[in-house]
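The values are calculated or read from the model by the stated rules, or taken from the named source; none is laboratory data. What you are looking at is a predicted structure, and each value in this text was computed from that prediction instead of being measured. Cβ atoms come from the backbone with ideal geometry, glycine included; neighbour counts cover every protein chain shown.
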Amino acid sequence: MNIFLPNNIFSKFIVKNLFSKKQNKINFFPSSVLTYELSKDKSAVALIPSFDLLKNEDLFVSSKFGLSFEGNLSNSYFYFKGNSDMKKLNVVGDASSTEILLSEIIYREDYNTELEIEISQTNKDKEINTLVIGDDNFVNYDVTLGLSLSEKLSDLMEIQYPFVNYVIASFKEDNLKYFNDKAEHTQNKIYDMVENDIISDSLNIKAKSFIKDNISSLIINLEEQDREGLTEELKLPYYHGIIKSMIDINFV
């Protein structure tokens, strides 16, 4: 079976602790095209950005397996500059619908402004506030100076739910049973791996220590609060007039 994944350290943790290479073909893609790739191979499974569900209501979604964060650890961090124009935001890295829409909503709520977003692969203007998505946070930035997207979203919600960043989805309901069965086991293996310092050598020393100290904030084994959090996340674009109607999630 084809498995489509975003190319970040957290999805690689999953690959290392879940999949049999003999039974599955692992494919890494930019987050923005994962759902498109899944639509071309409806027998596949993909770890897609949560907000992609807004335009793909026919997808089945694992109720137990995903990529969720609470607290300091995240795949995305804001780096704010003291005197920067709060109407502008550089979005750097593996951007998807989730980060773009949430940034717009957060800026409306926190700063009462409509956001001007520039998306690029590199941070061209270091004097503008920046949202960095993906491994660059742990390689070329000091992640301890960033503010995680999961924290910002938690501040936005009336109840502090975890931030479900990615969900396991498929057009075939039966494909998700394997992931549901392996969710808790995979999460525990990832925790053990990180506790034993088995982390990518490409990350800087401070980032490795940060991930190890905060690894309990990474959630693979989704529970009721994560499912509720995902449901509430997907209501936000409706409340802010970005989409015309709310959706139902086809949990399996």
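Taken together, the criteria exclude S11 from residues that are in contact with a helix residue (DSSP H, G or I) (Cβ under 9 Å, 6 or more places away or on another chain) and either farther than 20 Å from E184 by Cβ or touching a residue at least 40 places away in the same chain (Cβ under 8 Å) (or both). The residues of the stretch 16-34 that are surrounded by fewer than 21 Cβ atoms within 10 Å (Cβ to Cβ), at pLDDT 95 or above and either in a helix (DSSP H, G or I) or among the hydroxyl-bearing types (S, T, Y) (or both), listed by number, are S32, V33.
Of the residues I190, I198, the single one that is free of Cβ contacts under 8 Å to residues at least 60 places away in the same chain and of a type outside the set (F, W, Y) is I198. Considered as a group, the residues in the stretch 120-131 that are modelled with pLDDT under 90 and β-branched (V, I, T) include one that is farthest from L149 (Cα to Cα), and that residue is T122.
Restricting E104, E109, E99 to those that are charged (D, E, K, R), part of a helix (DSSP H, G or I) and under 14 Å from the mean Cα position of the chain (by Cα) reduces the list to E99.
With K182, K208, K212, K177 as the choices, which residue is in a helix (DSSP H, G or I), buried (at least 19 other Cβ atoms within 10 Å of the Cβ) and in the same structural domain as V45 (by TED's automatic domain parsing)?
The conditions single out K182.
Restrict the check to the stretch 4-14 and report whether at least one residue is surrounded by fewer than 18 Cβ atoms within 10 Å (Cβ to Cβ), outside the structural domain of I100 (by TED's automatic domain parsing) and among the hydrophobic types (A, V, I, L, M, F, W, C). So far as the stretch 4-14 goes, no, none of its residues is surrounded by fewer than 18 Cβ atoms within 10 Å (Cβ to Cβ), outside the structural domain of I100 (by TED's automatic domain parsing) and among the hydrophobic types (A, V, I, L, M, F, W, C).
Do we have any residue at all in the stretch 156-169 that's within 20 Å of L102 (Cα to Cα), hydroxyl-bearing (S, T, Y), under 19 Å from the mean Cα position of the chain (by Cα) and in a strand (DSSP E or B)? Looking through the stretch 156-169, at least one residue is within 20 Å of L102 (Cα to Cα), hydroxyl-bearing (S, T, Y), under 19 Å from the mean Cα position of the chain (by Cα) and in a strand (DSSP E or B).
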